[in-house]
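Trainee: One structure follows; several queries about it will come next.
The values are calculated or read from the model by the stated rules, or taken from the named source; none is laboratory data. This one's a predicted model, so the numbers in the text were calculated from it and none came from an experiment. No Cβ is skipped: glycine too gets one built from the backbone with ideal geometry, and neighbour counts run over all protein chains shown. Surface areas here come from the heavy atoms of the whole protein model, side chains and all, with no ligands, DNA or RNA. Shrake-Rupley method; radii C 1.70, N 1.55, O 1.52, S 1.80 Å.
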Amino acid sequence: MSPLIIVAIVAIALLLLGSAVRVIKQYEQGVLFRLGRVLGSREPGLRLIIPFVDVLHRVSLRIVTMPIQSQGIITRDNVSVDVSAVAYFRVVNATKSVVAIENVYSAIDQIAQTTLRKVVGQHTLDETLSDTDSINLDIRRILDVTTVEWGVEVTLVELKDIQLPETMKRAMARQAEAEREKRAKIISAEGESLAAAALGDASDTMMAHPLALQLRNLQSLVEIGVDKNTTVVFPAPLMSTIGELGAFLAKETAAARPLEKVAAADKAAPPMAVNGASEPNGHPPVTVSVP
């Protein structure tokens, strides 16, 4: 046999052997077709197939992250929003993912977009912004019902971004500001109510113990004097005492005025002679002493 023929035979044998050997990675699973018929799945490792007869499709079993592009959605309360999401899924049945559908990744992308639009459209804007967990579960549940026939399991769906119109953002900002003002006024009113109740209890205590009010006044004066200011503060009881003292002094002054008039009149009268001296008219003198 010619050496060229031997080399050709060896080359053909190596080529056939190379086409007959397949390596399936640990995160993959193979689906073997023989003459167009599915023979089953093949586990990871070195696998041999019949060249030109068998076809081996390798399917990845890893979790796939698929972004769902932004969708223009009208909510139940007629607000237009743009919502984007992300879906996580993995193939659990390699044979179904190859036989049941042509392109499983494209199919999941399309069904995820339509499901996102459908579920979000059934909720109001406030529910979409606050109840995202419920929306995520609804989307995942609908996708699982559809993709189970494709041998795919959707593990997680999350809303990623919600874009609002500028007018709606301004309206929500005004609403939030009004809500904060309302809470502030309610808290202030509750504080005033508690303070009024506490002051009522304090006033009852001071009525039962009059000295407590005086001690409170003295404490207020001490607190004011800490700042070393020039303000002079007189408590209400001191002012009433000063008023009573002024009234008493005015009363005493009014009572003393008649006596002062009598004393002044006595000093102005001339003295009268005594010791037997007679007056010019012949009458005896009379002595009058004023104490």
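Trainee: Could you check how many residues of the range 1-58 are at pLDDT 75 or above and either under 25 Å from ASN93 (Cβ atoms) or assigned to a loop (DSSP other than H, G, I, E, B) (or both)?
Mentor: So the count comes out to 37.
Trainee: For the range 84-91, does any single residue satisfy the condition of being in a loop (DSSP other than H, G, I, E, B), closer than 22 Å to VAL157 by Cβ and not basic (Lys, Arg)?
Mentor: no
Trainee: Looking at the range 42-68, I want the residues that are farther than 21 Å from GLY18 by Cβ and have a partner that is open to solvent by 30 Å² or more (accessible area, probe 1.4 Å) and small (Gly, Ala, Ser) with Cβ atoms under 9 Å, at least 6 apart or on another chain. Which pairs are those?
Mentor: As it stands, the answer is VAL59/SER41, since those pairs meet every condition given.
Trainee: Looking at the range 153-171 only, could you name the residues that are open to solvent by 60 Å² or more (accessible area, probe 1.4 Å) and either among the hydrophobic types (A, V, I, L, M, F, W, C) or touching a residue at least 60 places away in the same chain (Cβ under 8 Å) (or both)?
Mentor: Once the filter is applied, which keeps residues that are open to solvent by 60 Å² or more (accessible area, probe 1.4 Å) and either among the hydrophobic types (A, V, I, L, M, F, W, C) or touching a residue at least 60 places away in the same chain (Cβ under 8 Å) (or both), the range 153-171 yields GLU153, LEU156, GLU158, LYS160, ASP161, GLN163.
Trainee: Could you please give the count of residues in the range 73-83 that are part of a strand (DSSP E or B) and open to solvent by 20 Å² or more (accessible area, probe 1.4 Å)?
Mentor: Residues in the range 73-83 being part of a strand (DSSP E or B) and open to solvent by 20 Å² or more (accessible area, probe 1.4 Å): 3 in total.
Trainee: Say whether the condition of being loosely packed, with under 11 Cβ neighbours inside 10 Å and either within 60 Å of the chain's Cα centre (by Cα) or farther than 14 Å from HIS57 by Cα (or both) is met by at least one residue in the range 31-38.
Mentor: No: the range 31-38 contains no residue that is loosely packed, with under 11 Cβ neighbours inside 10 Å and either within 60 Å of the chain's Cα centre (by Cα) or farther than 14 Å from HIS57 by Cα (or both).
Trainee: OK, next. Looking at ALA189, ALA176, can you tell me which residue is farther than 30 Å from SER84 by Cβ and either of a type in the set (S, T, N, Q) or in a helix (DSSP H, G or I) (or both)?
Mentor: Step by step, each of ALA189, ALA176 is checked, and only ALA189 is farther than 30 Å from SER84 by Cβ and either of a type in the set (S, T, N, Q) or in a helix (DSSP H, G or I) (or both).
Trainee: Would a scan of the range 61-68 turn up a residue that is farther than 30 Å from LEU35 by Cβ, under 27 Å from the mean Cα position of the chain (by Cα) and either crowded, with 17+ Cβ neighbours inside 10 Å or small (Gly, Ala, Ser) (or both)?
Mentor: Within the range 61-68, not a single residue is farther than 30 Å from LEU35 by Cβ, under 27 Å from the mean Cα position of the chain (by Cα) and either crowded, with 17+ Cβ neighbours inside 10 Å or small (Gly, Ala, Ser) (or both).
Trainee: Sort through ASN103, ASN136 and tell me the only one that's within 30 Å of GLN29 (Cβ to Cβ) and under 25 Å from the mean Cα position of the chain (by Cα).
Mentor: ASN136
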